[in-house]
């Protein structure tokens, strides 16, 4: 393992972002910047109760509806469902509502002021029913999992100490800069073209097929420049796209829907809340013997992505540690709040907070240094996870932990802060260790059969993939990977816009899979193209062996021709050249979906986070003093972008730790729906995040790369909790660590 160094070629360097100039100059056009001829604006009529039976919809006869398009469930030509894992969520509610703000009807008008007025003249009569808002009171289970290894009874019988803890986390809002935004255009062939801010165009495509009863060839879904997603634009765009498409087909005109911030926060998906009970059997020397965990996640009103969020959460619930014996149960249940869905980390930040805070509690009860406890039990090559997976490559738990401890000056500061006795302010430092599986869980990638490719151009090549750039830099990274495979400068590679009518289905932009899975497939396609062009050049110039280096084909050290000249000649003589590859799981990866055992992920990324805090004993506020994140993602394709991913994910996780909290009324209404009252970190709340990238290449990853995007979300929250524990001597087991919770922890101890 080594720190990143500047290397030849594009991969491992940090060229300017391909989309950077357009974004900083304002030339980039987001959905709300686009206007289509004859365009109408669309809005949604929503439920005003959390649970109830719809008795009817009244359209005020005194209002002029002549230029207002109206849509209800009766206007749906296909199936009234939002296509995803289960068919339980209606596109428009027609008999019952299961959450406040649930869509019931749609309206569209060219005059935006009249459209707003029209919403006030629609009355939905609903017989209100009692909502269930506490997941622990819900009896409606969407999905449940169990992971079991060894004998948990034996572990507890042998234990020197049994440590128990209950940990709670609430909703978290993605709060992307650009709200949900879609425009639907009806076509002359009866089809529809969707433009939108989204992560997963083929999700929307499949949803439109069922909703509109159309053949897939009559639907095109095109991602435009997108101002952030974080999982919030994985599944929800299918909803708003369905609404815009229904209005557009009835109106015969384009319909644009752009949510207001309050509507977006109130109605769309969020991170799953969770209640997690842990029991750990521990030996006298700190060796972990057994883990028993019971996890309840709140799925909200409909299934959406809850089964896969819960599966990833439960698979990471044991953390980055050896547990010879384990029994981990997880169930995700229904409540009458808006459905919860994907959010960066996909269930792992919840369970990682629980297991890492449990490690702090174990260390505290044993009188042991938390770093020593983690080092003693951290996973290493050859260790076996609770699913039976043996770790055979690219394991960096101890390395990232040791780097974080050294770079943060953990030992010295922990000793120094322990000696401070200020009656008004206390300081503390805490660590966390995290792992994150790259790619879809279990057999997901095998079933998906992701495809991606490259197309020869007169100058270089064009990457063909449905994977979307939502700010993380995919366009640039894919160009780098293809460029190195072809032996040409990165400027000679372009990346096609994601369009379901033109691009192969490389799967959704989720689950830390873009670089490892899709980027690896792009690389293989580019390598295949390189072989074809090398053979063509060898045949053309009568050479035995040809290679392309720095954009020039060479044979035996002799320059033959620039890549562009060879490309033009190939296209003129043999026609278009497109190379498409399909992702193949590495050999030896086996997973049993039914038993929920085996190799859940082909590899894991690793991170350690160190956080210093100051706790004000008068106001109970927690202030951040220093934040360090050490991450191993195998290979940093673009180090600057990789550091940006780590820094951004860390700040998002610090918001989860200290600030972000939703408040609900007793009747299921979300009370804080604006950025003024749902607080996310600003530059004044967070110190400079120090990032350290380590490289422990994954042999089956492209250039050694693994996933990185979600990893930095997992560790900061428990590191903050650990630092607060060190500062005040009391554990706060619930997020966020708000002043009232810190105060209660201190008061309950006195």
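The values are calculated or read from the model by the stated rules, or taken from the named source; none is laboratory data. Just so we're clear, the structure is a prediction, and the values are computed from it rather than from any experiment. Note: ideal-geometry Cβ built from the backbone for every residue, glycine included; neighbour counts use all protein chains shown.
Taking the numbered list (1) touching a strand residue (DSSP E or B) at 6+ places or on another chain (Cβ under 8 Å); (2) at negative phi; (3) surrounded by 16 or more Cβ atoms within 10 Å (Cβ to Cβ) in turn, residue 532 passes all entries but (3). Only one entry of 13, 17, 98 meets the criterion of being assigned by TED's automatic domain parsing to the domain that holds residue 237 and in contact (Cβ under 8 Å) with a residue 12 or more places away in the chain, and that entry is 98.
State yes or no: is residue 49 more than 29 Å from the chain's Cα centre (by Cα), crowded, with 16+ Cβ neighbours inside 10 Å and farther than 20 Å from residue 260 by Cβ? Walk me through how you get there before you give the answer.
On the way: more than 29 Å from the chain's Cα centre (by Cα): yes; crowded, with 16+ Cβ neighbours inside 10 Å: yes; farther than 20 Å from residue 260 by Cβ: yes.
Yes: the conditions hold for residue 49.
Just one of the numbered conditions (1) within 30 Å of residue 175 (Cα to Cα); (2) out of contact with any strand residue (DSSP E or B) (no Cβ under 6 Å at 6 or more places or on another chain); (3) surrounded by fewer than 21 Cβ atoms within 10 Å (Cβ to Cβ) is not true of residue 316: (3). Scanning segment 448-485 for residues that are in a helix (DSSP H, G or I) and under 20 Å from the mean Cα position of the chain (by Cα) yields 448, 474, 475, 476, 477, 478.
Please pick out the residue among 681, 718, 733 that is free of Cβ contacts under 8 Å to residues at least 40 places away in the same chain, in contact with a helix residue (DSSP H, G or I) (Cβ under 9 Å, 6 or more places away or on another chain) and more than 30 Å from residue 585 (Cα to Cα). Checking each option against the conditions leaves just 681. Checked against (1) closer than 14 Å to residue 630 by Cα; (2) surrounded by 15 or more Cβ atoms within 10 Å (Cβ to Cβ); (3) out of contact with any helix residue (DSSP H, G or I) (no Cβ under 8 Å at 6 or more places or on another chain), residue 406 meets all criteria but (2).
Name the one entry in 551, 557 that is at pLDDT below 95, at positive phi and not assigned by TED's automatic domain parsing to the domain that holds residue 407.
Details: 551 fails: at pLDDT below 95.
Going through 551, 557 in turn, the sole match is 557.
Take the conditions (1) over 25 Å from residue 491 (Cβ atoms); (2) out of contact with any strand residue (DSSP E or B) (no Cβ under 7 Å at 6 or more places or on another chain); (3) exposed (fewer than 14 other Cβ atoms within 10 Å of the Cβ); residue 584 misses just one of them, which is (3). Filtering 344, 327, 271, 253 for residues that are more than 30 Å from residue 723 (Cα to Cα) and either surrounded by 23 or more Cβ atoms within 10 Å (Cβ to Cβ) or in contact with a strand residue (DSSP E or B) (Cβ under 6 Å, 6 or more places away or on another chain) (or both) leaves a single hit, 253.
Against the conditions (1) farther than 27 Å from residue 45 by Cβ; (2) touching a helix residue (DSSP H, G or I) at 6+ places or on another chain (Cβ under 9 Å), residue 238 satisfies every one except (1).
Yes or no, residue by residue, for (1) at pLDDT below 95; (2) surrounded by 13 or more Cβ atoms within 10 Å (Cβ to Cβ); (3) under 23 Å from residue 734 (Cβ atoms); (4) more than 25 Å from the chain's Cα centre (by Cα):
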{"site": "138", "(1), (2), (3), (4)": "no, yes, yes, yes"}
{"site": "144", "(1), (2), (3), (4)": "no, yes, no, no"}
{"site": "150", "(1), (2), (3), (4)": "no, yes, no, yes"}
{"site": "160", "(1), (2), (3), (4)": "no, yes, no, yes"}
{"site": "163", "(1), (2), (3), (4)": "no, yes, yes, yes"}
{"site": "169", "(1), (2), (3), (4)": "no, yes, yes, no"}
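The helices (runs of 4 or more DSSP H) found entirely in segment 634-750 that carry 2 or more residues being over 18 Å from residue 606 (Cβ atoms) and under 19 Å from the mean Cα position of the chain (by Cα) are 639-658.
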